[in-house]
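Enquirer: Mind looking over this structure? Questions follow.
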Amino acid sequence: MKKCSWSAPAIAAAALLASVSFGAHAETKGPVTDELGVVEIPKDAPIVIGGYWVISGPDTALGLDSKRGVEIAFDDIGNQIAGHSIQLIVEDDGCNAEGGQTAATKLATVPDIVAVLGPACSSAATAAAPILWKAGLTNVGTATTAPSLTAADRKPDYFGYMRTIYSDSDQGRNDAEWFFKDLKCKTLATIHDGSPYASQLAKVAADHFKELGGEVVAEEAVTPTDVDMRPVLTGIGTKKPCVVYFPTFVAATAQIIRQAPEIPDLKDSQMIGGSAVMAPGLLEAAGDAAKDFRITNVDISPEVMGAKYPEFIEKYTKKFGEGPINAFHAQAYDAGVILAKAIEKVAKKDDKGTTYVGKKALHDELFATKGYDGISGPINCNEHGQCGAFNFAVYQFTDGDPSTFKAGENPKKIFPTK
Amino acid sequence: MSFEVVVSSRLDERGSSSWRFVINTGLQMGGTGLALAFVGILTMFNNRPIIVGLVTLGYATLGALFLVAGILVGYKRPFPQLPMILAGGAAAGAIAALLVAILPLAMSMVNLRSVFLSLDKPLLDMLTFYVQPPGLGILCLIAVGPLLAIIGVLIVALPQTIRHPISGGIIAAGLAGLFQELIRPILANSCVT
Amino acid sequence: MTAPNNSQRQQAWSGRLGKLHRVTFVDIVLWTLRIALLLLVVVGTIATLWKGTYDARHWFDFFMFGLTIGGVYALIALGYTMVYGVLRLINFAHGDITMTGAFSAYFLARSFDRTGFLDAYPVTATLGIMALSMAVCTASALIVERICYRPFRHVATLAPLICAIGASFVLQHAFRGMFGSNVRSYPDPEWLKGHVSILGLSLPTVQPLVILSAVAAMIFLYLVVQRTKMGLAMRAVSEDRDTAALMGIDANKIIIFTFVLGACMAGIGGVLYCFVYKQIYFYMGFLPGIKAFSAAVLGGIGNIPGAMFGGFFLGVIESIGPPLFLDGLGVPAPYQLRDLVAFTLLVMVLVFRPQGLLGETLVKRRA
């Protein structure tokens, strides 16, 4: 029997593969012409929206909370945009650059995807946003706070990126003011973990602290997976800072607060963490050491949030069987809502019922969002994609048992007190 | 004098009896199935349909384990006559299925999810074939094992002219189902189809 | 016996001359490297002590912490060294076997903590946790042995090594699938917190606890290996497997016994590691495993006292080394280079003395 040659079918398959094209380019489909491409959605097909968050590992609560916020937003609009059902494709980015790159590559190759929501980690967004923008996809960030992502001098790769969350340039300034004015501290030491979020936030806080007249005695770094924090804590201890600020993620923060009591030099220093650890994962990883631990964060108490926030909490608890597990669900909800509104506005139907959405038109519409009263606060987008507002608060954990975690109670807000 | 006889570390090739082999095969396949369930692979695979509405990758994997039990017995031929080999294969499949069935039994009595993350309700539903009450589903599982193992023995026992097309067809259908999301855009975007 | 005559003396001389070889380029590079590193260490040390960032209390803290973590490394290194002695193979999965024990013992520790048993009966509870850890380590070690080492017993290939590396990954990700990728923490009982004062020096309670437990385990192991019949058989098999078989020793049983012993030590070491670092996640076994392997090689692979010594030595160098050598040279954040210092030390010791510090126990004389 003659043996089949495999080369011919293989070459044919490769040629077919090559004929599928990706990437943004000007095209006209139906009634819509757009310079970044047009998404064609047939009559009964779903609208595909992408999402990428950290949904595994120690920081799962951060991404999962945002994802749930988006899902509730879509539930509220009946899971329908412009007469099509919504299909949300979610990828896991693991809260690091490689994960963000992988997630973005996967999402960019999904056929007929309209826009992308997420992520929760600035490290992932920094890698992913350029890849998505290359495919013409606008990326609405839900919990990424690194200032560089919407800075005025950001590179053209990031023009497709916007976010409904505040920028850490606000968080860092408020942190420094709280340290200087309320804690009455004149010396500050910072520890970051090399990620864009932590390093930029620590830098903003340190710079503003210096402007206020304080002294930054140490700016150290650890890796996110370090277990032995004693050398860095001993080194900082020799300088005897009044406050030690470490806006690191769950694993590193837990190690620091566990090991800090063993360093005699740090007995009088105040250990303050950042917003990434308002999650049950911190209590799981740190146990009793998390009792009385304070973190600076955005204010998520009902008095400060938008009017519809308590209603949102009810829906969240009903749908998922537990209260919010992190601080950024409201921003994700708002991101989902403004995306849906923008798609509705930009979509054009032809007489066969097929919907066409121009990618650049969607981008421009999203960036023009102004005066929207979201549940996380007023949403006003500037030309660099910064849409979220910021209210500062400090939270304190009251109990080390992970089952007692409830945003607002454990940890509870201790500042501002009115 | 031959020194090879004396070196006892080389003498671990004990002649295993035929039934011992059958039992071992069943235990190994059952153990593999349990391990896959514990680690969460079965649940993950179950979300991936091969033939939509009929067979998911999870069921294909589980079925493949029982099939392989039968195939191994068929290859080794521990008994001279075919009916005995079929019985041996069925026994191996039954042992494997019994071992795997311990899991839904335990899960329906005790909630293990607090310790083992993957042993959740979707896995229980999958292992009991979505049949209520779970006891009936467990019996279905125990019945499926020997059935697939007998098929496995038959696949080996059949002559090559029949075996090749059947196994080739099943494998091709499986691969097409597995890679459907890759194949679909190619077919949709190409000028040929 | 005649006095050495002229021809014999000439032979001795030419023998000695023959040992002198031409100095090659590689020799020069190696010697330059050795001298450069030595200079770095000496200059760095002098500069640090001159700078005086750390006082005697800090150095003592570093040293004691080094001993603590060194004890853990030593326990894990014992597993590597014993398996090498008996099988002449490195069990690369050993670090992850340690992880399996520590992870499983976590659940027991948590339930003890929740019911208050851990605080009320510290010794019994700790022994119970260690027993579970040892049992699980033994089970996974035996599974790895059965799948990765026994089929390759009589063939001299790299297959068992690669199989063990594969087993290491399988263990890591099996535990990830079973228990999730979250980081979890061991409970913090009251008797482990705070400081204890020994001989007028104040130490965190966990340190003397870990050091003493590690030393106790090692003494126990040494007694088993030196004084019992199984230990004698183990030493015989590691010296010459075929002759031991001639003496009636079943190599299979001895190999299993070796794996069990190594796994028990790893089980204890894992629990102690968790008492020190408190966080467990599926990947935690990898780095201690590699460091323990380096410690075993440092002390002389196949040599049990060597592994113990190597472990303590590596722990101390890892803890004291970066601040001592690098702080004076103005390197910022020297603790980040801790692993670099530890592994450079390993390489340097092996370059100067390839058989390890205490030498391999290879048979020196054969009849």
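Enquirer: Among all lysine pairs in chain C that are eight or more places apart or on different chains, how many have alpha carbons less than 29 angstrom apart?
Expert: 9
Enquirer: Based on the mean of other Cβ atoms within 10 Å per residue, sort peptides A:348-355, A:377-384, B:91-98 so the most packed one is first.
Expert: B:91-98, A:377-384, A:348-355
Enquirer: Would you mind giving the three semi-axes, in whole Å and largest first, of the ellipsoid equivalent to chain A according to its Cα gyration tensor?
Expert: The answer is 41, 24, 20 Å, longest axis first.
Enquirer: To make sure I understand the rule: partners must be lysines, Cα under 27 Å from the Cα of residue A:359, and not fewer than 8 residues away in the same chain. Which ones qualify?
Expert: Filter leaves A:29, A:43, A:67, A:106, A:134, A:155, A:341, A:345, A:348, A:349, A:370.
Enquirer: Just tell me which lysines come within less than 25 Å, Cα to Cα, of residue A:184; anything on the same chain fewer than 8 places away is out.
Expert: Counting by Cα, and skipping residues close in sequence, residue A:184 has these lysines nearby: A:203, A:210, A:239, A:240, A:267, A:291, A:412, A:413, A:418.
Enquirer: Compute the relative contact order of chain B as a whole-number percentage, counting only Cα pairs closer than 8 Å that sit 6 or more residues apart in sequence.
Expert: With pairs under 8 Å counted, the relative contact order is 26 percent.
Enquirer: Now for a separate question. With the crude spin-label approximation of a point 7 Å out along Cα→Cβ, what separation in nm comes out for residue B:163 versus residue C:26?
Expert: Distance between label points: 5.3 nm.
Enquirer: Taking the inverse of the average 1/r across all pairs of different Cα atoms in segment C:57-175, what Kirkwood radius in Å do you get?
Expert: Here the Kirkwood hydrodynamic radius works out to 16.2 Å.
Enquirer: Mind ranking C:230-238, B:77-85, A:48-56 by how tightly packed they are, going by the mean number of other C-beta atoms within 10 angstrom, highest first?
Expert: In descending order of packing, they fall as A:48-56, C:230-238, B:77-85.
Enquirer: Two-decimal Rg/Rh of chain C from alpha-carbon positions, Kirkwood Rh?
Expert: Rounded to two decimals, Rg/Rh equals 1.04.
Enquirer: Remind me, relative contact order of chain A in percent, using alpha carbon pairs under 8 angstrom and six or more residues apart?
Expert: Result for chain A is 19 percent.
Enquirer: Then there is this: From other protein chains only, count the Cβ atoms within 10 Å of every residue's Cβ in C:171-182, then give the mean.
Expert: The shielding value for this peptide is 6.
Enquirer: With the Cα gyration tensor of chain B giving a ≥ b ≥ c as the square roots of its eigenvalues, does the rule (a/c under 1.5 for rounded; else a/b larger than b/c for prolate; else oblate) give rounded, prolate or oblate?
Expert: Oblate, because a/c is 1.5 or more while a/b does not exceed b/c.
Enquirer: With 10 Å bins from zero, work out the P(r) of segment A:175-214 over every alpha carbon pair and list the percent per bin.
Expert: Reading the bins upward from 0: 33, 52, 15.
Enquirer: Take peptide A:226-232, look around each residue's Cβ out to 10 angstrom, count Cβ atoms belonging to other protein chains, and average those counts.
Expert: So the per-residue partner count for this stretch is 6.
Enquirer: If the rule is a partner Cβ under 4.7 Å, which cysteines in chain C fail it?
Expert: Lacking a cysteine Cβ partner under 4.7 Å: C:137, C:264, C:274.
Enquirer: Normalise the Debye intensity by I(0) for the protein assembly as shown, one equal point scatterer per Cα, no solvent, then take log10 at q = 0.09 Å⁻¹ and round to two decimals.
Expert: Cα-only, vacuum Debye calculation for the protein assembly as shown: -1.19.
Enquirer: Given C-alpha coordinates of segment C:239-287, what is the ratio Rg to Rh with the Kirkwood estimate of Rh?
Expert: Rg divided by Rh gives 1.26.
Enquirer: For chain A, what does -39500 (n - 2.57) per DSSP helix run (n ≥ 4), summed and divided by total residues, give at 222 nm, in deg cm²/dmol to the nearest 500?
Expert: Using -39500 (n - 2.57) per qualifying helix, the result is -11000 deg cm²/dmol.
Enquirer: Using Cα centres only, tell me the gap between segment B:88-139 and segment C:88-120 in whole Å.
Expert: About 28 Å separates the Cα centre of segment B:88-139 from the one of segment C:88-120.
Enquirer: So which aspartates and glutamates pass the test for residue A:315, namely a Cα distance under 17 Å, with those fewer than 8 places away in the same chain ruled out?
Expert: Residue A:315 reaches A:65, A:71, A:75, A:76, A:334.
Enquirer: Still on this structure: What is the average number of partner chain Cβ atoms found within 10 Å of a Cβ in C:241-248?
Expert: Taking all residues of C:241-248 together, the mean is 3.
Enquirer: Then there's this: If we sort C:157-167, A:161-171 on the protection proxy, mean other Cβ atoms within 10 Å, highest first, what's the order?
Expert: A:161-171, C:157-167
Enquirer: With each run of n ≥ 4 DSSP H residues scored as -39500 (n - 2.57), what mean residue ellipticity at 222 nm is computed for chain C after dividing by its residue count and rounding to the nearest 500 deg cm²/dmol?
Expert: Using -39500 (n - 2.57) per qualifying helix, the result is -23500 deg cm²/dmol.
Enquirer: For segment C:56-352, what's the relative contact order in percent, using C-alpha pairs closer than 8 Å and at least 6 residues apart?
Expert: Taking the mean separation of contacting Cα pairs over the length of segment C:56-352, I get 38 percent.
Enquirer: Something else: Dimensions of segment A:132-283 along principal axes (Cα, Å, largest first)?
Expert: For segment A:132-283, the Cα spread along each principal axis is 55, 34, 23 Å.
Enquirer: Let me ask something else about it. When chain C is treated as a GNM, springs tying every alpha-carbon pair under 10 Å, which of C:267, C:52, C:79 comes out with the largest mean-square fluctuation?
Expert: Checking each option, the largest mean-square fluctuation is seen for C:52.
Enquirer: In whole angstrom, note down how far apart the Cα centers of segment C:281-334 and segment A:191-231 are.
Expert: Their Cα centres are 28 Å away from one another.
Enquirer: Also: As an exercise, find the ratio Rg/Rh for segment A:296-418 from alpha-carbon atoms, using the Kirkwood inverse-distance average for Rh.
Expert: That ratio equals 1.09.
Computed from the coordinates by the stated procedures, all read-outs in this text should not be read as laboratory data. Everything numeric in this text was worked out from a predicted model, so none of it was measured. Cβ: placed from backbone, ideal geometry, glycine included. Neighbour counts: every protein chain shown.
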